[in-house]
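Reading through the structure tokens given below for one structure.
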Amino acid sequence: MPKKYLLQGGRFIDPSTHTDSILDILIVDGVIQSMKPSIAPPSDCEVIDLRGKLVAPGFIDMHVHLREPGFEHKETIETGTLSAAHGGFTAVCCMPNTNPAIDDESIVHFVHSKGKNVNNGIVDVFPIGAVTKGRKGKELSSIAELVQAGAVGLSDDGAPVYDAEIMRRALEYASMYDVPIIQHCEEPALVQGGVMNEGLVATELGMPGIPPVAEEIMIGRDVQLTEYTRSRYHVAHISTAGSVGLVRDAKKKGVRITCEVTPHHFTLTDDAVRSFDTNTKMNPPLRTQTDIDAIKLGLRDGTIDVIATDHAPHSLDEKEVDYLQAPFGIVGLETAIGLAITELVVTKILSLAQLIEKFSTNPRKIIGRTIETREGELANLTFMDLDAVWTVKTSRFKSKSKNSPFEERTLKGKAIGIFNHGIALVY
Amino acid sequence: MGLSSRHLLGLDGAPKSDIELILETAVSFKEILGRPIKKVPTLQGKTIANLFFESSTRTRISFELAERRLSADVVNFSASGSSVSKGETLKDTARNIEAMKIDMVVIRHNAAGTAHFLTRVVQAAVLNAGDGCHEHPTQALLDMYTLKEKFGSLEGLRVCIVGDISHSRVARSNIYGLRTMGAKVSVCGPATLIPREIEKLGVEVYHRIDDVLPKVDALNVLRIQMERQAGGLFPSLREYNRFFGVTKDRLEKIDHPITIMHPGPINRDVELSADVADGPHSVILDQVLNGVAIRMAVLYLLGTTQ
């Protein structure tokens, strides 16, 4: 017997079709049968009451570290996708800094099939392949094979592709398959030993700094290479005002550049490091209010295309050490939507349509995995409650790791469920 | 009247009344250090652990002497990275020490914030003996004590800290403490060793030693670490000495005497010429004695206010 769901009374917004209306959505065996203002529930139908709630095309987090294979004590594909599902995401792109790195088609296949076999495959897992073999920055990985196996982008994330010649060739080679090179922008020579943003707070705390120019120099170089090779380039986790300006200028010139920002980079400043909480240590580091202001402007005017979490799980033991030794990164999947609504929508920096673009339309376009929400198509949806006021409790995270600086923070707005591949998950 | 905190983590944000109380208390301990019998029973029955994760001779000896003169029981734990490399975390080490019923912990570590971290994982009172390049409060307190002894007051006193400010916890604690006490603080050193935006802490920045000398009453000359040269932060010790070295020639050109301090150990004839270090305006050995008195004062205040 076909499985039927009726999503009742939700406000459906899809920026790609300029839709914003209260609709009932009837789904049969995972496929949208009907979208109308009012649908009478057919027999044997599970009704999900979404009155007063928001329904959007399924959100994707295009920057996630699932840690498997190699670092299963931090996260696995199973716990990572469960965390994504509970954060409101129907898809994630996973970064290749695993062990072994995703620099070979067999690893792409492994990640892909594992993703399909955990949590009933409710979250699509799209692997990002490594740009260079072993992410060492020396030789190109088998880019064509990686893409053929299902890699949706290429990155050495965690490290930059620092050699300009290798970067040039990677851009050229990847452009044959129209996949983006996703760059972790950082000039290594300027970063050595840095643990936080270079500036007043680092000066006061006596901590080695990571200067904003380290990021900007790499973006500047790469913009020129991208323009020269007429290829496609995506800046991962943009963090400085200067970087936002560089991307804006490049876009004006017609360079095929896109970029993403993490929720923590528009929420927290380096002032948070004064707590010496190692959950404020991430790379790129938390910057200043000036940077946050520029990032918000960039989100608003479209310079910043995507919100992605850089979900970087680490075990408690790894993080509960002194600040210099602690690894970079925080988990982000289960706080992203709440932070974005609280910091960007409630404050009227973004409209709801813009928010949905940054979490769904734009990132899916960048990785070439677009979805359409209309009759006859697979239902792939995220449900949100904009009015829910809640307090972050890391102990309730589905992620294996709890390294978040947002413990006990009160947020307004949250994901309340997802629908994908015929399965509804409402929490 | 006790201190406003049960720990001494740094001087950033420390109230003026706390600093004054420590400086005043140190006066009586210094008097004790001049007696034939230099030991008092103040902390009898208290146990203090000195946790030194970074090699240190002077500070550790100074603390240990202060602890013993107060009749505390003392245990020393020197790790200098070894237990970390064995996989034991700082937290484990601290909890182990705590399990032994320790009343106070003196900690030195190469990472900023470790003393603060300890306060979250142990019950004992924590005394920061240097955390990375962040703070070294007892050093700044003994520097202030020495200046106060010499000048009577810190209010309006003009003090310049010379050398590698970027990597100096002594500089930071002195800036915080001296500013709170109303002194006028400046820093002087190569641009590569002055951290960004330090002027926002209310200090003037100089890159020429001859420009600042006429404007100060005292210099706190920092030790230049040889490894900073390898790190490309300055070209050579010779050049450093020629352009930033505090020498007799330079001081003789100034029409008023300038008091010379140094936290030690001195690189003679690099940051400070030997004749200045041993000269009539040097208070470097007073600093050493005052260090014991200051540490006794802090230990007494923390140990008896719990």
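One table, with the values for the structure above:
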item: Residue ID - surrounded by the fewest Cβ atoms within 10 Å (Cβ to Cβ), chosen from residues in the range A:27-74 that are of a type in the set (Gly, Ala, Ser) and assigned to a strand (DSSP E or B); result: A:SER34
item: Any chance A:GLY413 is out of contact with any Cys (no Cβ under 7 Å at 6 or more places or on another chain) and not in a strand (DSSP E or B); result: no
item: Residue list for the range A:304-327, filter: in contact with a Gly (Cβ under 9 Å, 6 or more places away or on another chain) and part of a strand (DSSP E or B); result: A:HIS311
item: Some residue of the range B:112-119 being more than 7 Å from chain A (Cβ to nearest Cβ) and touching a Lys or Arg at 6+ places or on another chain (Cβ under 8 Å); result: no
item: Residue list for the range A:223-244, restricted to those being part of a helix (DSSP H, G or I) and either within 14 Å of another protein chain (Cβ to nearest Cβ) or within 21 Å of the chain's Cα centre (by Cα) (or both); result: A:ALA241, A:SER243, A:VAL244
item: Residue ID - farthest from the other protein chains (Cβ to nearest Cβ), chosen from residues in the range A:187-215 that are at positive phi and buried (at least 18 other Cβ atoms within 10 Å of the Cβ); result: A:GLY199
item: Hits in the range A:75-93 - residues which are part of a loop (DSSP other than H, G, I, E, B) and either crowded, with 23+ Cβ neighbours inside 10 Å or under 13 Å from the mean Cα position of the chain (by Cα) (or both); result: A:GLU75, A:GLY88
item: Lone unmet requirement of (1) under 24 Å from A:THR303 (Cβ atoms); (2) surrounded by fewer than 24 Cβ atoms within 10 Å (Cβ to Cβ) for A:LYS412; result: (1)
item: Single match in A:ASP14, A:ASP61, A:ASP29 (criterion: among the acidic types (Asp, Glu) and either under 19 Å from A:TYR427 (Cβ atoms) or modelled with pLDDT under 95 (or both)); result: A:ASP61
item: Options B:GLU227, B:GLU204, B:GLU239, B:GLU155: the member that is among the acidic types (Asp, Glu), surrounded by fewer than 23 Cβ atoms within 10 Å (Cβ to Cβ) and within 14 Å of chain A (Cβ to nearest Cβ); result: B:GLU227
item: Residue tally, condition over 15 Å from the mean Cα position of the chain (by Cα) and more than 10 Å from chain A (Cβ to nearest Cβ), over the range B:120-132; result: 5
item: Pick from the range A:1-26, criterion polar (S, T, N, Q) and outside any strand (DSSP E or B), ranking: nearest to A:LEU355 (Cα to Cα); result: A:SER16
item: Which listed residue, of A:VAL213, A:VAL201, is under 26 Å from A:PRO405 (Cα atoms), touching a residue at least 60 places away in the same chain (Cβ under 8 Å), in a helix (DSSP H, G or I) and more than 19 Å from the chain's Cα centre (by Cα); result: A:VAL201
item: Evaluation of A:PRO285 against (1) part of a helix (DSSP H, G or I); (2) in contact with a strand residue (DSSP E or B) (Cβ under 6 Å, 6 or more places away or on another chain) (one fails), failing number; result: (1)
item: Positions within the range B:7-36 being within 20 Å of B:LYS148 (Cα to Cα), in a loop (DSSP other than H, G, I, E, B) and either away from every other protein chain (no Cβ under 14 Å) or hydrophobic (A, V, I, L, M, F, W, C) (or both), in sequence order; result: B:LEU11, B:ALA14, B:PRO15, B:GLY34
item: Matching entry among A:LYS400, A:LYS358 (being outside the structural domain of A:GLY121 (by TED's automatic domain parsing) and under 21 Å from the mean Cα position of the chain (by Cα)); result: A:LYS400
item: Qualifying position, being within 14 Å of another protein chain (Cβ to nearest Cβ) and either in contact (Cβ under 8 Å) with a residue 60 or more places away in the chain or over 26 Å from A:CYS94 (Cβ atoms) (or both), among A:LEU324, A:LEU333; result: A:LEU324
item: Residue within the range A:155-177 that is in contact (Cβ under 8 Å) with a residue 60 or more places away in the chain and surrounded by fewer than 16 Cβ atoms within 10 Å (Cβ to Cβ) present; result: yes
item: Within the range B:18-51, considering residues that are surrounded by 12 or more Cβ atoms within 10 Å (Cβ to Cβ) and of a type in the set (S, T, N, Q), the one nearest to B:HIS134 (Cα to Cα); result: B:ASN50
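The values are calculated or read from the model by the stated rules, or taken from the named source; none is laboratory data. Note that this is a predicted model, so its numbers are computed, not measured. Glycine also receives a Cβ, built like all others from the backbone with ideal geometry; neighbour counts cover every protein chain displayed.
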